[in-house]
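Here's the structure we're looking at; comments come further down.
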Amino acid sequence: MLLTVALASADAQLPYAPNPSGFVIGRGTNLSHWLSQDFGWAPREAWITEKDIRFIAAQGFDHVRLPIDEKELWLAGGTPNQPEMARMLQAIEWCRKAGLRVIVDLHVLKSHHFNAANEGGHNTLWTDPAAQDHLLSLWRDLSAGLRRFPADAVAYEILNEPVADNPEDWNRLLARCYRELRGLEPNRVLVIGANRWQMPQNLPLLKVPEGDRNIILSFHTYLPLLFTHYRADWLPTKVYTGPVHYPGPIVDQATFAKLTQSYDAGLLDQIGNAAEAWNAARMRKEYEPAIRTARKLGLQLYCGEFGCLPTVPRADRLAYYRDIISVFDAEKIAWANWEYKGDFGIYTWLGLPKLSGDPDTELIRVLLPGSSRPK
């Protein structure tokens, strides 16, 4: 891949030393709603095929992030669901054939969902020792199937968007998972992020294992949330259907004051900046704690999720993507957009039941300047 070669040849310009295992990533996309959060939009064998993997590689992406859920890859009794495990392995083989690296991301557990607060669920992972032991057993199962892949081809993301009340709960569980995986695979690259949705401001609170160069630090960002999730039906902000804009203030001060009168403190923490002037510099400020932490530790920084729904004005949406990519490029932050197919995706979203239309060529070119036309 051209991007991989470019990154490898520019090591001296990077703010970190490339990991010893040679797992080199720059620009990727998430294979969502397939082996994770499968909403039944399409048959699983049709949603992601080898043709999709070839298409992703042809655009200039160098890796995919592959979210997987416990309920999809394990049976009710806790044993691996062998047909779905085989599907995951087949997808990785497709990626290797196409020249794409893969991050296997354990996305949702039966004991932990990143959006439990908005979906009426309750996370037991942080209080139930048996649930924590079970997380380790899931990674033992995954390692048994995945360790045959070279360390420069496949990496593991231990848990997507941990949401513990106390960051030390995640630090303790992460330490256990780390010891378990290092005992099984000493050279595998591990992707780890901070507590509470992997928000960049929380990365300084993460206790990163010392002296291990085969670690990539991860954050996620969907700020400004009132813009990127405009009319999202899974958030309380769905009640607002007035105008939003980017760059600049997402809404004016008067609108924001009226909109937030009944919101609790947690939601205000997420959208309280909607009346600020947003642009590339404002985004860079948001990511500063993560950038500073990664540079202090000399580790690669990775934004594993970001994106904006197509419910906002088209020009504003593209401006958001141009700005965020410009920050990632300037700061040498690797990334994977959310998502390949779906309402955030790089295909025109037609909604249910039609789903995805044609590739969004303009968006792809914003994400990957100089990329080829879709094939």
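Structure values in brief
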{"read-out": "Farthest positive-ward along the chain dipole, Cα basis, beta-carbon charges - from Asn166, Asn214, Leu35", "value": "Asn214"}
{"read-out": "Computed label-point distance, nm, for sites Leu352 and Thr311 using a 7 Å Cα→Cβ extension", "value": "1.4 nm"}
{"read-out": "Relative contact order (%) - the chain, alpha-carbon pairs under 8 angstrom, separation at least six", "value": "19 percent"}
{"read-out": "Dipole axis of the chain (+1 Lys, Arg; -1 Asp, Glu on Cβ), positive-most option in Pro20, Ala175, Phe328", "value": "Pro20"}
{"read-out": "Dipole in debye (nearest 20) - the chain, about Cα centre, beta carbon charges: Lys, Arg +1; Asp, Glu -1", "value": "840 debye"}
{"read-out": "Selected from Leu350, Leu135, Ser111, residue furthest toward positive end of dipole (the chain; charges at beta carbon)", "value": "Leu350"}
{"read-out": "Antiparallel content of DSSP bridges confined to the chain, in %, to 5", "value": "15 percent"}
{"read-out": "5 angstrom amide H check on Thr348, placed H, neighbours 5+ away", "value": "Gly357, Asp358, Asp360"}
{"read-out": "Net dipole in debye of the range 109-212 [+1 Lys, Arg Cβ; -1 Asp, Glu Cβ; about Cα centre; nearest 20]", "value": "260 debye"}
{"read-out": "Backbone HN-Hα couplings from phi across the range 63-80 [Karplus 6.51/-1.76/1.60, Hz, Gly and Pro as x]", "value": "7, 10, 9, 10, x, 10, 10, 4, 5, 8, 10, 10, 7, 4, x, x, 8, x"}
{"read-out": "Over the chain: helical MRE at 222 nm, DSSP H runs n ≥ 4 each giving -39500 (n - 2.57), nearest 500", "value": "-11000 deg cm²/dmol"}
{"read-out": "Nonlocal amide H pairs with Ala194, under 5 Å, H built at 1.01 Å", "value": "Ser218"}
{"read-out": "Cut-off under 5 Å, modelled amide H: who pairs with Ser32 long-range", "value": "Tyr340, Lys341"}
{"read-out": "Set of aspartates and glutamates with alpha-carbon distance to Lys296 below 13 Å, sequence-local pairs under 8 removed", "value": "Glu210, Glu288"}
{"read-out": "Ranked Val239, Val163, criterion: other C-beta atoms within 10 Å, fewest first", "value": "Val239, Val163"}
{"read-out": "Fraction of beta bridges assigned by DSSP in the range 34-120 that are antiparallel (%, nearest 5)", "value": "20 percent"}
{"read-out": "C-alpha center-to-center spacing [the range 270-346, the range 26-91] in angstrom", "value": "24 Å"}
{"read-out": "Mean separation of Cα contacts under 8 Å, 6 or more apart, over the residue count of the range 230-275: relative contact order %", "value": "31 percent"}
{"read-out": "Rounded Å value of the spacing that divides the Cα centres of the range 96-145 and the range 176-215", "value": "14 Å"}
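Readers should treat all values here as calculations from the given coordinates under stated rules, not as data from a laboratory. Note that the coordinates shown come from a computational prediction; the quantities given were computed from them, not determined experimentally. Cβ: placed from backbone, ideal geometry, glycine included. Neighbour counts: every protein chain shown.
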